[in-house]
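Below is one structure, written out as structure tokens; the observations come after it.
The values are calculated or read from the model by the stated rules, or taken from the named source; none is laboratory data. As the structure is a prediction and not an experimental result, all values here were calculated from the model. Don't worry about glycine lacking a Cβ; one is built from the backbone with ideal geometry, like all the others, and counts go over all protein chains shown. Ligands, DNA and RNA are excluded from the accessible area calculation, which covers all protein heavy atoms including side chains. Shrake-Rupley method; radii C 1.70, N 1.55, O 1.52, S 1.80 Å.
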Amino acid sequence: MKKLRSGDPIIVIAGKYKGKVSSIEKIDEDKVWVKEINEVKRAMKGKGFIKKHLPIHISNVMYYDEATKKPSKVQISTTKEGKKIRKIAKTNKEIK
């Protein structure tokens, strides 16, 4: 089970966009595409300039706890029934 999933709120902890809060669009092996972060303009012949999203390494983002307004680690634990769930490490709240 992966700790981060698409749609999760995240905060960028390193790089040019440090401190920006957004959500994940797509996850690859060790890269994440984040909404409105790391957008660049590229020149396309016949089309002019287009905006393109580039990925950020997964180590440069953390889960963002909206209740406490702080970044937090994600833990994976099992319930009594044996089902795996994700929890916020600081507050021990389950992530939906």
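Can you confirm whether Lys3 is open to solvent by 90 Å² or more (accessible area, probe 1.4 Å) and in contact (Cβ under 8 Å) with a residue 24 or more places away in the chain? Outline the logic, then answer.
On the way: open to solvent by 90 Å² or more (accessible area, probe 1.4 Å): yes; in contact (Cβ under 8 Å) with a residue 24 or more places away in the chain: yes.
Yes: the conditions hold for Lys3.
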Next on the checklist: Taking the condition of being touching a strand residue (DSSP E or B) at 6+ places or on another chain (Cβ under 7 Å), open to solvent by less than 80 Å² (accessible area, probe 1.4 Å) and in contact (Cβ under 8 Å) with a residue 24 or more places away in the chain, how many residues in the stretch 56-90 meet it?
Outcome noted: 14
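Any residue at all in the stretch 38-53 that is surrounded by 13 or more Cβ atoms within 10 Å (Cβ to Cβ), part of a loop (DSSP other than H, G, I, E, B) and of a type in the set (Gly, Ala, Ser)? Show your work before the answer.
Step one: of the stretch 38-53, the residues surrounded by 13 or more Cβ atoms within 10 Å (Cβ to Cβ) are 38, 53.
Retained after the next criterion (residues that are part of a loop (DSSP other than H, G, I, E, B)): 38.
Retained after the next criterion (residues that are of a type in the set (Gly, Ala, Ser)): none.
Scanning the stretch 38-53 turns up no residue that is surrounded by 13 or more Cβ atoms within 10 Å (Cβ to Cβ), part of a loop (DSSP other than H, G, I, E, B) and of a type in the set (Gly, Ala, Ser).
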Checklist outcome for this item: Counting only residues that are among the aliphatic types (A, V, I, L, M), surrounded by 14 or more Cβ atoms within 10 Å (Cβ to Cβ) and part of a loop (DSSP other than H, G, I, E, B), the stretch 14-37 contains a total of 1
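Suppose we filter the stretch 54-96 for residues that are among the β-branched types (Val, Ile, Thr) and part of a helix (DSSP H, G or I); how many remain? It would help to see each step written out before you state the result.
Of the stretch 54-96, the ones among the β-branched types (Val, Ile, Thr) are 56, 58, 61, 68, 74, 76, 78-79, 85, 88, 91, 95.
Subsequent filtering for residues that are part of a helix (DSSP H, G or I) retains 58.
Within the stretch 54-96, residues that are among the β-branched types (Val, Ile, Thr) and part of a helix (DSSP H, G or I) number 1.
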